[in-house]
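The values are calculated or read from the model by the stated rules, or taken from the named source; none is laboratory data. Everything quoted here is computed from the prediction, not taken from an experiment. Positions of Cβ are generated from backbone atoms using ideal geometry, with glycine treated the same way; all protein chains shown enter the neighbour counts. For the accessible areas, the whole protein counts, side chains as well, though only heavy atoms, and no ligand, DNA or RNA atoms are used. Shrake-Rupley method; radii C 1.70, N 1.55, O 1.52, S 1.80 Å.
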Amino acid sequence: MFNDTSSLLAHLATRRSGKARDMVAPGPDAATLKDIIALALRTPDHGKLAPWRVVTVADDQRGAFATLLKNAWVAENPGAAGMDLSALDQFAHQAPTLLVLLSTPAQGVKIPLWEQQMSAGAVGMNLLHAAHAHGFVGSWLTGWAAYSPQVAQAFGARAGDTIVGYFFLGTAGGALSERPRPEYDDVVSAWDI
């Protein structure tokens, strides 16, 4: 069983993202989505800077999001006009709920940029945990659309801001399956001085 919410330990031991393309309705309603985001914001944040922003994309905005993606792709890839861009439409319309997480580091502060970016990543992980705790599955996707300056600007990014990822939330459309995990001894070692 994946995403077992019987205890925190059980959840951490069984946490599994769902595939955004396989998610079906329902997704979280407005009140539940607010709770999910509020839980995600309880993340480590050295300096209390809140160096991140979450943007919700409503159902009736998915078409505009698809258009943004296609326009940005054509602008950034000369010769792409007239190509089949249906994959961008599919990306924009998958899963019932879509959030965009941005890293918005504060400038001119003593907290290093890397720490602020790590805090934004922690918000991302907490979005998944909170969605799973509410009985949904989540998927954190990046890819080209997360690195496009034109797309980032459309979501309010300023100089130095980046898209951390797109968070798709919904109900699993089928059984989740395990993916390969690293072997403990391959990634954990004792400090040898």
Treating the beta-carbon of each Lys and Arg as +1 and of each Asp and Glu as -1, no other charges, what is the dipole magnitude of the range 12-158 about its Cα centre, to the nearest 20 debye?
400 debye
Scan the range 34-134 for trypsin sites (Lys or Arg not before Pro) in coil per DSSP, keeping those whose Cβ has at most 16 other Cβ atoms within 10 Å, and list them by number.
Arg42, Lys48, Lys110
The chain accessible area per residue, 1.4 Å probe, protein heavy atoms, integer Å², reads 58 Å²
If you add up the charges near Ser148, with Lys and Arg at +1 and Asp and Glu at -1, over every other residue whose beta carbon is less than 12 angstrom from its beta carbon, what do you get?
0
Cα-based Lys proximity count in the chain, under 26 Å, for pairs eight or more positions apart or on separate chains:
4
Cα lying deepest toward the dipole's positive end in the chain, options Ala106, Gly82, Ala152, charges on Cβ:
Ala106
What is the percent carbon and sulfur in the accessible area of the range 1-133, measuring with a 1.4 Å probe over the protein chains and ignoring ligands?
58 percent
To two decimal places, what compactness ratio does the chain give when its Cα radius of gyration is scaled by 2.2 N^0.38 Å?
1.11
